Amino acid sequence: MTGIAAVRSWPLELVAPAAAALEAGADGIVAGQQQLAGALVGNDGWRGAAHDAAERRVQRQNALGLRTARTLTEAAGVGTQAAGGLLAARSALLQAVAAAQTEGFVVDDDGTARHPDPRRRADAGYLSDRIGGLLERLLAADAEFGGRLRALAGLLARRGDRLPAPAGFADPHARLSPGAAAALLAALPPDRVRDYWDALSRTEAEQLIAARPELIGALDGVPFDQRAAANRRLIRTALDARLADGEGESPRVRALRSMLAPAPGPDGTLRPRQFVVFSDEGNGRYVEQIGELTPEAAGVGVFVPGTGSRLDTVDRERGRALTLARDSGATVFVYADGELPQEIVNGGASAALRLPVFGYLAADQALSGSAADPRPAAEMAGKLVAFGAALDVEADGAAPQAPVTYIGHSYGGSVVGTAEQLGLRADNVVYASSAGTGVLDGPWHNPNPEVHRYSLTAPEDPIQWVQRYGGAVHGGDPDQAPGVLRLDTGLYADRPDGSPGEIVAGTAGHSRYLDDPGSTAFANLSAVLAGRPVTPYVRRLPDLGDPELARALIEAELPYLRDGFTGASRLGVAALHDPVAAIGCLFSALGG
Amino acid sequence: MNEFRISQDALAGIVAVWRQAGARLGALGYPPALEPAGSAALGALNDCAASAAAISAALAGDVQSLADALARFTALTVDADRAVAAEIAEGGLR
């Protein structure tokens, strides 16, 4: 136990000056940060990638500087309190010791008082209690101040065992466990999450990720590489759980294994795959980043796939996005954070047949969660807007100047259109074989007045019928929407003998071009991503095709529809009366 | 003036201010270690001062490296712009 001799030697008179020096340090850091940021403010005309990167770096510096300054100010306050409290407590102790010694008592180092005269034994006992009590009180105060200052020293060293509360939190002096800090962060807007994260050390970030990967992995404002680290843990956990349950080599298990395996990036180098959103629940949700966000990126793309996409198809979508990334030089994200419809009509075509065609109730039941159901688009769109804001922040720091392009394919086009209605910010939007322009009422509200919008729909793609007659559900035909430039879908890649490829058209024209980088349609997608010139649409075939051809298609693919519908023209008439039911029938008939 | 809307002189001015800021942060003084003699408070105060000195030095170094990166941005070309941006983006404290 620390004794009287030791506490007598404590240089407590130096504590207040030391605390003042910490406060001066806080002031100096704030002044330095102001000087750093002020240089940019004074040159606010400066543009370019270097400017944007510098601005972002200054923000990060500022976040760490301000956190350090706040902690130093708090440490200075505790130090000042400690100086006053400990000096007073020690003074009381030493005065008691001195008074006892004046009375002829011998005071041991632990505060025990003795007197040579046995008659003073009672007095010695009293003084022992008193001096011992004062010593205990001093040591308790020392321990209390020491604990508070040690916690602050830990925050300054950014060790990660305890974390500071986010700025503006009700108790700014709280020292939080990583799990508690993660829970608080999840309730903050993305910009404040980013400010907090900017000031974290690697160790602190790792502690947060380890404590609550399910929160950090999907938290907008957390840098994408950190989200990917959290999601890698979640994917591993999901795979282990499924294997432990004896699931065997199911499609989901194979997908999860694949997600954990390194894969070639756009430059061919094997790298860990980066998932900035992951959930194993239901059909699974994910957002995968292909390629690094760097100032050299030609652009940033977000590809929203359509009906049938789910976690089990993650590799197919990655393949398409990887080819786009390689061809364009852009960083491409596959966005599947939602329950995309898995069927054109629930229960397949036979369910559509059973519909009383013009009965809304039955139609609603059969179409719920299907491609003719607008609700999945509405649900995904809100999250896409939030993701887009987080992506803008990420891109501003890592790939400044890179235009952000959203490509919505098929049902994904309806998701992107709905997101635009909800305020998605984009530099470019491509409605590719899109079901429509958005499932909500009202116009697009993209905050970028200079957004470029494109559509890409092959002639005779069955989705043309949905675009034409499905406006009540998916919003209408993007090819005809004001301000949208329809891009050429053109031809598939040249044949091996060098002759031109087929026209991109018909049912295959709905998706096959995504797997054909030599096609005109793919080249146009790539051009938009890279900011290269695009080629406008060239009419080679009618959009809706020959009604007789459509009838033949229906009859060939679904002969049992013959009794319910007599052909595309009949479907068109039906659509005029009940678009919802007609769309379901069209989708089921044509597989769009 | 150029497509980046900043002159060489203005860039040089930013570099100079950032160097000053770095020097200011690097010059911050913290109290020398006190002999704790068993005091938890004094020991922890020493830890605070040591951590503050370390992080101030790190902040100073980061500002200086930022200034150094910008000082190399003299060509004012698109390639130089992206190259300097990459250098700046990859740096920073963690």
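For chain A, the longest principal axis of the Cα atoms and the long axis of helix A:375-398 meet at an angle of about 60 degrees.
Could you work out the relative contact order of chain A? I mean the mean sequence separation of Cα pairs under 8 Å and 6+ apart, divided by the number of residues, in percent.
Working: 1122 pairs, mean separation 55.9, N = 592.
After rounding, I find 9 percent.
With K and R counted +1 and D and E -1, the other residues having a Cβ less than 14 Å from that of A:Asp479 yield a net charge of -1.
Among the residues of A:66-75, the average count of other protein chain beta-carbon atoms within 10 Å of the residue beta-carbon is 3. For A:Arg192 and A:Gln480, the difference between the fully extended length at 0.36 nm per residue and the C-alpha to C-alpha distance is 99.6 nm.
Within region A:43-110, what whole-number % of the accessible surface is contributed by carbon and sulfur, with the 1.4 Å probe and all protein chains included in the calculation?
Roughly 52 percent, rounded to a whole number.
The length gained by stretching the chain between A:Ser9 and A:Glu136 to full extension, at 0.36 nm per residue less their Cα-Cα distance, is 44.1 nm. Averaged over the residues of A:290-301, the number of partner chain Cβ atoms lying within 10 Å of the residue Cβ comes to 2. Computed about its Cα centre, the charge dipole of region A:398-473 is approximately 40 debye, with only Lys, Arg, Asp and Glu carrying charge at their Cβ. Per-peptide packing, taken as the mean over residues of other Cβ atoms within 10 Å, places B:21-34, A:236-249, A:89-102 in the sequence B:21-34, A:89-102, A:236-249 from highest down. Spin-label model, A:Arg540/A:Asp27: points 7 Å from Cα along the beta carbon direction are separated by 7.5 nm. Rolling a 1.4 angstrom probe over the protein heavy atoms with all chains in place gives region B:1-71 an accessible area of 40 Å² per residue. Charge dipole (Cα centre; +1 on Lys/Arg Cβ, -1 on Asp/Glu Cβ; no other charges) of the protein assembly as shown amounts to roughly 1160 debye. Solvent-free Debye calculation, one equal scatterer per alpha-carbon of region A:103-142: log10 I(q)/I(0) at 0.19, 0.23, 0.35 Å⁻¹ equals -0.50, -0.66, -1.13. Along the axis of the charge dipole computed for region A:1-108 (Cβ charges of +1 for Lys and Arg, -1 for Asp and Glu, origin at the Cα centre), the listed residues A:Ala88, A:Gly104, A:Thr73 are led at the positive end by A:Thr73. Going by a 1.4 Å probe on protein heavy atoms, which residues of region B:47-75 end up with at least 50 Å² less accessible surface in the whole assembly than in their chain alone? Those residues are B:Cys48, B:Ser51, B:Ile55, B:Leu59, B:Leu66. How much net charge surrounds A:Arg273 when only other residues with a Cβ under 9 Å from its Cβ are counted (Lys, Arg +1; Asp, Glu -1)? With Lys, Arg at +1 and Asp, Glu at -1, the neighbours total +2.
For chain A, the longest principal axis of the C-alpha atoms and the axis of helix A:251-260 are separated by about 50°. Projecting the alpha carbon convex hull of chain B along each direction and taking the average yields 7.0 nm². In plain terms, the C-alpha convex hull of the protein assembly as shown casts an average shadow of 39.7 nm² when viewed from every direction.
Ignoring ligands, DNA and RNA, what percent of the accessible area of region A:237-302 is carbon or sulfur (1.4 Å)?
Carbon and sulfur together cover 52 percent of it.
If both residues of a DSSP beta bridge must be in the protein assembly as shown, then about 45% of such bridges are antiparallel. Chain A contacts chain B over a buried accessible area of about 4700 Å², both sides summed; the probe is 1.4 Å and only protein chains count. Per residue, chain A exposes 39 Å² of accessible surface when a 1.4 Å probe is rolled over the protein heavy atoms with every protein chain present.
The values are calculated or read from the model by the stated rules, or taken from the named source; none is laboratory data. Not measured: the values here are computed from a predicted model. Ideal geometry is used to build each Cβ from the backbone, glycine not excepted, and the neighbour counts take in all protein chains shown. To get the accessible areas, we keep the full protein, side chains included, count just its heavy atoms, and leave off ligands, DNA and RNA. Shrake-Rupley method; radii C 1.70, N 1.55, O 1.52, S 1.80 Å.
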